[in-house]
Amino acid sequence: MNIVNSTITPTIAGRAQAGAGRAQAGAGGVQASAGGARAGLPWPSRLVVETSTRCNLACAMCPKQNGCDDGEGGGDGDFAEELFRALAPAFPRLESLVLNGIGEPLLHPALADFVRQARAAMPPDSTIGFQTNGVLMDEASAMSLIEAGADRICVSLDALDESLYAGIRTGGKLSRTLAAIEALGKARKATGKDRARIGIEFVVRRDNLAELPRVVSWAVKHGVDFMLVSQLFPYEKASVDETAYDANLDLALELRAKHEARGAARGLDITRYPEVYLKYSKTAEDESIVAIVKELQAEAIGRGITLNLERLFRHDATWMEGARRVFAEAHSIAGAAGLELALPEAAPKSQRACEFVEGGSAFVSRDGKVHPCYFLWHRYACHVGGWEKLVAPKSFGSLEERGILEIWNDKAFATFRTTCSATSIPSASTATSPSATMCN
Ligand SMILES: C[S@@+](CC[C@H](N)C(=O)[O-])C[C@H]1O[C@@H](n2cnc3c(N)ncnc32)[C@H](O)[C@@H]1O
Ligand code: SF4
């Protein structure tokens with residue numbers, strides 16, 4: 001079994017196919033190399049190709065339903081077949097190919113053909129996969145995709161409760177999604193392609209957190225090989241209250257716990273700070289609480305820890321403990337059955353690497369533009385840390401104009417990857433991101 005912690009940044013495409021490494025580490029097991037060595041290679045190790053931006057569902061949480069794209073990225077449509085052929089020079093060195101971005105890949109009429117072309121040219125131990133809502137996956141399509149060489153297919157499933165599922169997957173039907181997963185299992189058996197791995201992606205929200213252990217048990221019983229659990233990323237404002245992770249960074253929480261304990265040792269409850277700090281006439285106890293919080297702030301500044309006092313004192317320890325217990329239960333069910341499970345953090349990490357970039361990956365949007373990651377892929381707004389953040393796409397070239405290897409080796413792209421690999425990136429939930437520091 002493999003339990004992995006992932007991050008709380010957008011996980012839409014690459015995460016979908018995360019392998020044995022951390023969630024964003026990549027399709028079929030492309031993991032971030034030490035020090036981002038893959039990012040420095042003269043070829044991409046992993047490509048995520050947005051085969052279609054069309055969709056047959058309308059999930060409210062999805063970037064697709066939240067103004068993502070705005071026409072940049074070509075609007076609704078499918079990845080052109082000639083653009084797919086333009087990726088061929090990268091195939092012989094590719095460790096994994098993921099065939100989805102925003103949208104539903106099974107809507108592309110040439111999906112199986114793309115898989116076949118790539119499989120013929122990619123190394124035998126490489127992986128080809130995609131993530132799907134499952135609506136169009138029946139035994140025939142599952143057979144044709146697995147026959148063509150797809151060996152890592154992940155179906156989105158966020159609840160086993162009918163009404164919860166329907167509330168999240170607008171237009172979807174739970175029975176169809178479950179049937180899609182079963183169809184994949186049957187197709188694997190019928191084709192004898194045992195290396196094909198079937199997965200589930202579960203996006204954790206406040207309303208479906210309790211469903212997680214149930215979905216893990218279902219997955220175990222139905223021959224699912226791996227499960228990727230990711231945190232809801234707030235593309236829409238309404239999602240902010242649905243997020244199940246803490247709004248504070250891990251180090252900020254540690255600092256609060258430390259100073260809370262210092263206060264408690266002196267009989268002081270520093271969680272009263274929001275109530276006392278504005279008081280015109282403070283008691284001696286109030287003054288002591290304010291003083292401890294000032295020390296907390298000074299320590300945060302000294303250690304370079306990002307914190308927001310209002311959020312820090314709104315921290316819901318009971319919820320976070322509950323979330324950890326649910327993750328532990330899911331972990332234990334998966335562990336007992338040998339299911340590979342990638343769990344997210346309950347609070348965002350202060351320091352982390354961009355494993356997508358370090359893993360030598362690139363994202364190709366449906367119009368053929370090559371982007372450094374699936375955060376800087378389209379134009380959209382997101383709501384992190386209580387702020388609306390506008391993200392602009394960043395592209396280093398288009399397949400309509402230059403070859404994939406030429407774009408990959410473009411000086412500006414190579415420099416971006418090197419800089420990114422050398423930088424510890426703050427979590428998006430603190431309202432900063434690679435886009436804030438490196439791009440926009
Ligand atoms: C954008 S979809 C594309 C593939 C396919 N249409 C599907 O739903 O699986 C890829 C994954 O992103 C997830 N997703 C959508 N909106 C999200 C959000 N706001 N935060 C985190 N994951 C999200 C979906 O649940 C799905 O697992
Ligand atoms: S099915 Fe996938 S792409 Fe379509 S709206 Fe839902 S999450 Fe977005």
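The values are calculated or read from the model by the stated rules, or taken from the named source; none is laboratory data. Just so you know, these numbers come straight off a predicted model, no measurement behind them. Cβ atoms come from the backbone with ideal geometry, glycine included; neighbour counts cover every protein chain shown.
Among all positions in the stretch 171-184, there is at least one residue which is in contact (Cβ under 8 Å) with a residue 60 or more places away in the chain and either within 16 Å of ligand 2 (Cβ to nearest atom) or assigned to a helix (DSSP H, G or I) (or both).
The listed residues are 321, 295, 260, 310, and the only one of them that is at pLDDT below 90 and of a type in the set (Asp, Glu) turns out to be 310.
Can you tell me which residue in the stretch 114-140 is farthest from residue 155 (Cα to Cα), limited to those that are without any contact (Cβ under 8 Å) to a residue 60 or more places away in the chain and within 16 Å of ligand 2 (Cβ to nearest atom)? The qualifying residue farthest from residue 155 (Cα to Cα) is 137.
Quick one: how many residues across the stretch 330-388 are among the hydroxyl-bearing types (Ser, Thr, Tyr) and in a loop (DSSP other than H, G, I, E, B)? Please lay out each step first, then the result.
Of the stretch 330-388, the ones among the hydroxyl-bearing types (Ser, Thr, Tyr) are 332, 350, 361, 365, 374, 380.
Narrowing further to those that are in a loop (DSSP other than H, G, I, E, B): 350, 365, 374.
Total meeting the criteria: 3.
Of all the numbered requirements in (1) free of Cβ contacts under 8 Å to residues at least 12 places away in the same chain; (2) more than 30 Å from residue 154 (Cβ to Cβ), residue 256 misses one, and that requirement is (1).
Regarding the stretch 150-157, can at least one residue be identified that is within 16 Å of ligand 2 (Cβ to nearest atom), of a type in the set (A, V, I, L, M) and within 19 Å of residue 46 (Cα to Cα)? Quick ask: steps written out before the conclusion?
First pass over the stretch 150-157, keeping only residues within 16 Å of ligand 2 (Cβ to nearest atom): 153-157.
Within this subset, residues satisfying the condition of being of a type in the set (A, V, I, L, M) are 153, 155, 157.
Remaining after also requiring within 19 Å of residue 46 (Cα to Cα): 153.
Looking through the stretch 150-157, at least one residue is within 16 Å of ligand 2 (Cβ to nearest atom), of a type in the set (A, V, I, L, M) and within 19 Å of residue 46 (Cα to Cα).
Residue-by-condition table, conditions (1) of a type in the set (Ser, Thr, Tyr); (2) within 16 Å of ligand 2 (Cβ to nearest atom); (3) surrounded by 19 or more Cβ atoms within 10 Å (Cβ to Cβ):
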site	(1), (2), (3)
234	no, yes, yes
244	no, no, yes
264	no, no, no
272	no, no, no
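Suppose we filter 167, 185, 171 for residues that are touching a strand residue (DSSP E or B) at 6+ places or on another chain (Cβ under 8 Å) and not charged (D, E, K, R); which single one remains?
After ruling out the rest, the residue left standing is 185.
Of all the numbered requirements in (1) at negative phi; (2) touching a helix residue (DSSP H, G or I) at 6+ places or on another chain (Cβ under 7 Å), residue 215 misses one, and that requirement is (2). Of 307, 312, 296, all but one fail to be under 40 Å from the mean Cα position of the chain (by Cα), within 15 Å of residue 260 (Cβ to Cβ) and part of a loop (DSSP other than H, G, I, E, B); the exception is 307.
Take the residues in the stretch 374-402 that are among the small types (Gly, Ala, Ser) and touching a helix residue (DSSP H, G or I) at 6+ places or on another chain (Cβ under 6 Å), then tell me which one is farthest from residue 98 (Cα to Cα). In this case the residue turns out to be 385. Here residue 196 meets each of (1) over 20 Å from residue 318 (Cα atoms); (2) within 16 Å of ligand 2 (Cβ to nearest atom) with one exception, condition (2).
Restricting to the stretch 105-130, give me the number of residues that are within 16 Å of ligand 1 (Cβ to nearest atom) and either touching a strand residue (DSSP E or B) at 6+ places or on another chain (Cβ under 6 Å) or of a type in the set (Phe, Trp, Tyr) (or both). The number of residues fulfilling the criteria is 9.
The set of residues from the stretch 93-146 being among the polar types (S, T, N, Q) and part of a loop (DSSP other than H, G, I, E, B) comprises 100, 126, 133.
Please indicate, with yes or no, whether at least one residue in the stretch 186-200 is of a type in the set (A, V, I, L, M, F, W, C) and free of Cβ contacts under 8 Å to residues at least 12 places away in the same chain. The answer is no; no qualifying residue exists.
Condition first: acidic (Asp, Glu), part of a helix (DSSP H, G or I) and surrounded by fewer than 19 Cβ atoms within 10 Å (Cβ to Cβ). Can you find one or more residues in the stretch 75-88 that meet it? Can you show your working first?
Filtering the stretch 75-88 for residues acidic (Asp, Glu) gives 76, 78, 81-82.
Then keep just the ones that are part of a helix (DSSP H, G or I); that gives 81-82.
Adding the requirement that they be surrounded by fewer than 19 Cβ atoms within 10 Å (Cβ to Cβ) leaves 81-82.
Looking for residues that are acidic (Asp, Glu), part of a helix (DSSP H, G or I) and surrounded by fewer than 19 Cβ atoms within 10 Å (Cβ to Cβ), one finds at least one in the stretch 75-88, hence yes.
Residue under question is residue 173, and the condition is that it be among the basic types (Lys, Arg), under 25 Å from the mean Cα position of the chain (by Cα), more than 12 Å from ligand 1 (Cβ to nearest atom) and surrounded by fewer than 24 Cβ atoms within 10 Å (Cβ to Cβ); does it hold?
Here the answer is yes, as residue 173 does meet what is asked.
Could you look through the stretch 42-57, keep only residues that are away from ligand 1 (no atom under 11 Å from the Cβ) and either in a loop (DSSP other than H, G, I, E, B) or modelled with pLDDT under 90 (or both), and pick out the one that is farthest from the chain's Cα centre (by Cα)? The extreme case among them is 42.
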